[in-house]
Amino acid sequence: MKKAIEIVMLVIATGGMIGGIWNRLKLNKGIGIRFIQFLGLTVLVPVIVILSLEGRISVEMTGAVAAAAVGAVLAGLAKGE
């Protein structure tokens, strides 16, 4: 079951990264704050989950890193718009 979750997380991270870059190239748009936030959530969260499942980071560290990542991504939502 752990391997299946890790594979799903890897597919999400890779698909989000490739899909996002493909979208930017197709629409001839640059990399803005929303795109960086999108990549932050689609790549960082699955990587945190995989590291946690593999036991590379502790439970406390998982919570702290996940909260910091989500907080950093969501902190700029109200700014500039």
**Request:** Go through the residues of segment 21-35 one by one and say whether even a single one is in a helix (DSSP H, G or I), free of Cβ contacts under 8 Å to residues at least 12 places away in the same chain and aromatic (Phe, Trp, Tyr).
**Result:** yes
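Taking residue 15 as the residue in question, decide whether it is part of a helix (DSSP H, G or I), small (Gly, Ala, Ser) and exposed (fewer than 15 other Cβ atoms within 10 Å of the Cβ).
Working: part of a helix (DSSP H, G or I): yes; small (Gly, Ala, Ser): yes; exposed (fewer than 15 other Cβ atoms within 10 Å of the Cβ): yes.
Here the answer is yes, as residue 15 does meet what is asked.
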**Asked** Looking at segment 36-72, which of the residues that are part of a helix (DSSP H, G or I) and polar (S, T, N, Q) is nearest to the chain's Cα centre (by Cα)?
**Response** 42
**Asked** Looking at segment 29-54, which of its residues are modelled with pLDDT of 90 or more and exposed (fewer than 12 other Cβ atoms within 10 Å of the Cβ)?
**Response** 54
**Request:** Taking residue 81 as the residue in question, decide whether it is modelled with pLDDT under 85, farther than 15 Å from residue 9 by Cβ and not aromatic (Phe, Trp, Tyr).
**Result:** yes
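The values are calculated or read from the model by the stated rules, or taken from the named source; none is laboratory data. Since the model is a prediction, treat every value here as computed from it, not as a measurement. Quick reminder, even Gly has a Cβ in these numbers, built from the backbone with ideal geometry, and neighbours come from all protein chains shown.
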